[in-house]
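Notes follow once the structure below has been shown.
The values are calculated or read from the model by the stated rules, or taken from the named source; none is laboratory data. Since the model is a prediction, treat every value here as computed from it, not as a measurement. When we count neighbours, we look across all protein chains shown, and the Cβ atoms used for this are built from the backbone with ideal geometry, even at glycine. Note: accessible area is taken over every heavy atom of the protein model, side chains too, but ligands, DNA and RNA are not part of it. Shrake-Rupley method; radii C 1.70, N 1.55, O 1.52, S 1.80 Å.
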Amino acid sequence: MVAVLPNQHPEEERLLAYATGSLGEVKSLLVATHLALCPLCRASVEAYEAECGGWFDGLGGGAEDDRWSAMLAACDARLDTAVLPPPAPRSTLPMTGPLVPEPLRGRLGRPLFDFGWNEIAPAVWLSDWTVKDAQTTGCLLRMGPGAPVPPHHHSANEMLLVLTGAFHDEYGHYRVGDVADIPADTDHYAVAEHGGDCVCLFLLDGEIRFL
Amino acid sequence: MTSVADRTNEELVSAIAVDRDRTAFAALFRQYGPKIESYALRNGAGRAAAEELVQDVMLTVWLRADSFNPALASVGTWIFTIARNRRIDRIRKETRPEIDPNDPALLPVADLPPDRVLELSEDRRILSVAMNSLSPEQSEVLRLSYFEGKTQTEIAEERNIPLGTVKTRMRLALGHLKRTLQPRMV
Ligand SMILES: [Zn+2]
């Protein structure tokens, strides 16, 4: 079987920020889940990591020998008893319904449709599952077939990652694995395509206002 | 046996993985300990937290040496990724979301049509060419902002240049990367 690559990718600066480690946790969750479905962006992240390796190699080292000898001795004394931290928990759920990749699957902890849903417009819902960091809030956005998300204005970045189904907006068509990265201060609408509910990971940096 | 001074970093990591060679470990520690500390300090960690990160990262190097693959990354890049992840974990108190290479939902490169696989290595090459063709000033704002986690205001103050100049350099640098990569997106 020949796999289908995503067509719509995160902005280049997101991949750079993910590689350097400066991207916040919630946006990193979206980017990493896209990476599971996108070998193209995985290659970009590896290239950015190689750049970081060059910057890292370029960092100087103050050769304060006594201090570094003491630190080395302290580290050496721990080598025989050191153990790795436990690996990040992975989901052990039976994978029913649409297959959501890690790392999102483990964070959801439940099959995709098994959440409480708050209707924000006819046949458009937000999940009661949410994630949050200092800058960004995320939840699931579910759109019934053909159901439009009413026009809204955002004062801050909005990002969507399609998990099942498909939708389109004024910028293009989005299928599973595609990312819509919508800049601040734009008006925006989205419509699910026919053929089933569309569920996206939906991130927002600030307030959302429906017009 | 060759002396430590004659061995490449790749050979030092391999000696740790295969022989549990403490002399090789000490050589890597002397070389990379100060880089890890400097990386943590530049990202705003205090002196004590930075020293703890050095210990934590170097212990991980000791325990994970067998997972280092020189075909995938240089030793510097490999240790950077450990330092980055441990810093997020310990200092930012967040968990870094990462792919699981064994995830059945992951799209492996092996499933791609052969022409797309070629494109991947081409992509990596194009990207490093793009990074290397940035002006030194543009490359510096990317490094300070993304690698050292500084705000644009901090960069302007630190370098004693107007904030507008920082913003312009950043915009030009990101625009350059984006333009270089655009052909692959169609
Ligand atoms: Zn991608």
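Taking the Cα centre of region A:12-80 as the origin, how large is its charge dipole in debye, to the nearest 20, when only Lys and Arg (+1) and Asp and Glu (-1) carry charge on their Cβ atoms?
Details: 5 positive and 12 negative charges, 79 e Å.
That gives a dipole near 380 debye.
What residues in region B:14-49 lose 50 Å² or more of accessible surface when the other protein chains are added to their chain alone (1.4 Å probe)?
So the qualifying set is B:Arg22, B:Phe29, B:Arg30, B:Pro34, B:Lys35.
Heavy atoms only, probe 1.4 Å: what % of the accessible area of region A:104-210 goes to carbon and sulfur, would you let me know? Before the final figure, lay out the partial values.
Details: 2380 of 4460 Å².
Looking at region A:104-210 in its full context, I get 53 percent from C and S.
Of A:Cys41, A:Gly116, A:Cys200, which is farthest on the positive side of the dipole of chain A, counting Cα position, with +1 on Lys and Arg Cβ, -1 on Asp and Glu Cβ, and the Cα centre as origin?
So the residue furthest toward the plus end is A:Gly116.
For the protein assembly as shown, what is the accessible area per residue in Å² when the probe is 1.4 Å?
Working: 17950 Å² over 397 residues.
Computed with neighbouring chains in place, this is 45 Å² per residue.
Please get the size of the charge dipole for region A:34-185, origin at its Cα centre, with Cβ charges of +1 on Lys and Arg and -1 on Asp and Glu, quoted in debye to the nearest 20.
Numbers: 10 positive and 20 negative charges, 160 e Å.
Dipole magnitude for region A:34-185 comes out near 760 debye.
Ignoring ligands, DNA and RNA, what percent of the 1.4 Å accessible area of region A:12-80 is carbon and sulfur? Present the calculation step by step, with values, prior to reporting the outcome.
Values: 970 of 2050 Å².
Percent of accessible area from carbon and sulfur atoms in region A:12-80: 47.
Which value in deg cm²/dmol, rounded to the nearest 500, describes the helix-derived mean residue ellipticity at 222 nm for chain A, given -39,500 (n - 2.57) per DSSP H run of n ≥ 4 and division by the residue count? All intermediate terms of the calculation are to be shown ahead of the outcome.
Values: 5 runs with 60 residues, N = 211.
About -9000 deg cm²/dmol.
Just to confirm the number: angle between the C-alpha axis of helix A:65-78 and the first principal axis of chain A, 0 to 90 degrees, nearest 10?
In chain A, helix A:65-78 runs at an angle near 70 degrees to the longest axis.
From largest to smallest, what semi-axes in whole angstrom does region B:28-77 give when each is the square root of 5 times an eigenvalue of its alpha carbon gyration tensor?
22, 12, 8
Helix-only mean residue ellipticity at 222 nm, chain B, DSSP H runs n ≥ 4 weighted -39,500 (n - 2.57), per residue, nearest 500. What is it? Please list the in-between numbers first.
On the way: 8 runs with 119 residues, N = 186.
After summing the helix terms and dividing by residue count, I get -21000 deg cm²/dmol.
As a test question: what accessible area, to the nearest 10 Å², does B:Ser38 have when a 1.4 Å probe is rolled over all protein chains in place?
Only protein atoms counted, so the area is about 20 Å².
Bin width 5 Å, alpha-carbon pairs only: give the P(r) of chain A as whole percents, running from 0 to the bin holding the largest distance.
Here the calculated profile for chain A is 1, 6, 12, 16, 17, 14, 10, 7, 5, 4, 3, 3, 1, 0.
If I take R0 = 56 Å and measure r between the Cβ atoms of B:Ser128 and A:His153 in this structure, what FRET efficiency does the formula 1/(1 + (r/R0)^6) give, to the nearest 0.05?
0.90
In square angstrom and rounded to 100, what buried accessible area do you get between chains A and B, total over both, with the probe at 1.4 Å?
For chain A against chain B, roughly 6500 Å² becomes buried.
Along Cα→Cβ, 7 Å out, is where each label goes; now give me the distance between the ones at B:Glu10 and B:Ser121 in nm to one decimal.
1.5 nm
Relative to the longest principal axis of chain A, what angle (0 to 90°, nearest 10) does the C-alpha long axis of helix A:39-57 take?
The two axes meet at around 30 degrees.
Consider just the alpha-carbon atoms of the protein assembly as shown and return their Rg together with their Dmax, both in angstrom.
22.5, 75
Ratio of alpha-carbon Rg to the 2.2 N^0.38 Å globular estimate for region B:109-178, to two decimals, please. Numbers along the way, then the final one.
On the way: Rg = 15.9 Å, N = 70, 2.2 N^0.38 = 11.1 Å.
So the Cα radius of gyration is 1.44 times the expected 2.2 N^0.38 Å.
What area, in nm² and to one decimal, does the C-alpha convex hull of region A:104-210 cast on average over all directions? Numbers along the way, then the final one.
Values: hull surface 24.6 nm².
Mean projected area of the Cα convex hull: 6.1 nm².
Leaving ligands, DNA and RNA out of it, report the carbon-plus-sulfur percent of the accessible area of chain B at a 1.4 Å probe. Write out the running numbers ahead of the final one.
On the way: 4820 of 9100 Å².
Roughly 53 percent of what the probe reaches on chain B is carbon or sulfur.
Kindly provide log₁₀ I(q)/I(0) values, in the same order as q = 0.29 Å⁻¹, from the Debye equation applied to equal alpha-carbon scatterers of region B:138-178.
Listed by q, the Debye log ratios stand at -0.99.
Under 17 Å from the 7 Å Cα→Cβ point of A:Asp65, by amide nitrogen: which residues of region B:32-59?
From region B:32-59, the list is B:34.
Give, rounded to the nearest 20 debye, the magnitude of the charge dipole that region A:104-210 has about its Cα centre when Lys and Arg contribute +1 at Cβ and Asp and Glu contribute -1 at Cβ. Don't skip to the answer; put the middle values down first.
Values: 7 positive and 15 negative charges, 89 e Å.
Charge dipole of region A:104-210: 420 debye, to the nearest 20.
In peptide B:131-142, how many Cβ atoms from other protein chains are near each Cβ within 10 Å, on average?
Values: counts 6, 2, 0, 0, 0, 0, 0, 0, 2, 0, 0, 6.
Mean partner shielding for this stretch: 1.
What percentages, rounded to whole numbers, describe P(r) for region A:12-80 computed over all alpha carbon pairs with 5 Å bin width beginning at zero?
4, 14, 18, 14, 10, 10, 12, 12, 5, 1
Taking a probe of 1.4 angstrom, what is the accessible area of B:Lys178 in Å², to the nearest 10?
Its heavy atoms expose roughly 90 Å² to the probe.
What are the DSSP H helices in chain B that stretch 24 Å or more along their long axis, judged by alpha-carbon atoms, and whose average Kyte-Doolittle hydropathy comes to at least -1.0?
Values: long enough: B:22-42 (29 Å, -0.27); B:47-64 (25 Å, 0.37); B:114-132 (28 Å, -0.33); B:163-181 (28 Å, -0.03).
Span-like helices in chain B: B:22-42, B:47-64, B:114-132, B:163-181.
Taking every Cα atom in region B:1-125, find the radius of gyration and the maximum pairwise distance Dmax, and write them in Å.
17.2, 50
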